[in-house]
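These notes concern the structure reproduced below.
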Amino acid sequence: MSHWHCIQSCGACCHLDPSDRPDLDQYLSPEDLAHYLSLVGADGWCIHFDADQRRCGIYEDRPWFCRVQADTFNALYGITPADLDEFAIACCQTQIAEVYGEGSDEMERFEVAIEGTIADRIDGTVSGTIARVPKTLDNESNMK
Ligand code: SF4
Ligand code: SF4
């Protein structure tokens, strides 16, 4: 079984352009949605994303909805801990494909990392922002 893991030098999930996530208001409260929108820069990337290092500039203080962890995903999407790996992996795959491409180095490194076969499995340097919920899982996500 694959296990979700963030990889270094990715940051695809920090591309926050709301036009890519039309369902934001279904799983964010009005206050959290306003917070989310306040983070979006003119180029669509989070204003706290360090594009040179490809990491979060406020990692320890990043918003709660940026955290890939069981309580966050349960609150946002109704995902149980048992389904967290599958759901988070699909979210990352969707986002990496959209930002860097299906055949990108980032996708290849992610696929290898979730299989746990190389030392690229690290504690996330972004880890990770709110999901772009993959279409294939929309019906299972029990969004609020
Ligand atoms: S959470 Fe996923 S999309 Fe975001 S930086 Fe990590 S691997 Fe990339
Ligand atoms: S983890 Fe959140 S706060 Fe940090 S750069 Fe990404 S979107 Fe911005």
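Contact map, region 81-107: first residue crowded, with 18+ Cβ neighbours inside 10 Å, second residue among the charged types (D, E, K, R) and outside any helix (DSSP H, G or I), Cβ cut-off under 6 Å, separation 6 or more or different chains; pairs are T94/R132; Q95/R132.
To keep it simple, each residue is scored yes or no on (1) of a type outside the set (K, R); (2) away from ligand 1 (no atom under 13 Å from the Cβ); (3) at pLDDT 55 or above.
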| residue | (1), (2), (3) |
| --- | --- |
| C56 | yes, no, yes |
| R62 | no, no, yes |
| C66 | yes, no, yes |
| F87 | yes, no, yes |
| A97 | yes, no, yes |
| E108 | yes, no, yes |
| I118 | yes, yes, no |
| P134 | yes, no, no |
| N142 | yes, yes, no |
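For region 11-28, the criterion of being surrounded by 13 or more Cβ atoms within 10 Å (Cβ to Cβ), within 11 Å of ligand 1 (Cβ to nearest atom) and at positive phi is satisfied by at least one residue. Pairs are defined by a Cβ separation below 8 Å, a sequence spacing of at least 6 or placement on different chains, a first member in region 44-67 that is in contact (Cβ under 8 Å) with a residue 40 or more places away in the chain, and a second member that is basic (K, R) and within 6 Å of ligand 2 (Cβ to nearest atom); the pairs so defined are C56/R62.
I need a count of the residues in region 15-56 that are assigned to a helix (DSSP H, G or I) and touching a strand residue (DSSP E or B) at 6+ places or on another chain (Cβ under 8 Å). Break it down stepwise before answering.
Here is the first cut: in region 15-56, the residues assigned to a helix (DSSP H, G or I) are 18-20, 24-27, 30-39.
Within this subset, residues satisfying the condition of being touching a strand residue (DSSP E or B) at 6+ places or on another chain (Cβ under 8 Å) are 18, 39.
Of the residues in region 15-56, 2 are assigned to a helix (DSSP H, G or I) and touching a strand residue (DSSP E or B) at 6+ places or on another chain (Cβ under 8 Å).
Residues that are within 16 Å of Q95 (Cα to Cα) and either modelled with pLDDT under 95 or among the basic types (K, R) (or both) within region 25-54 comprise just one, R54.
Do you know which of the residues in region 57-74 that are assigned to a helix (DSSP H, G or I) and under 14 Å from the mean Cα position of the chain (by Cα) is nearest to L24 (Cα to Cα)?
F65
The values are calculated or read from the model by the stated rules, or taken from the named source; none is laboratory data. Small disclaimer: the values here were computed from a predicted structure and weren't measured. FYI the Cβ positions are ideal-geometry reconstructions off the backbone, even for glycines, and counts take in every protein chain you see.
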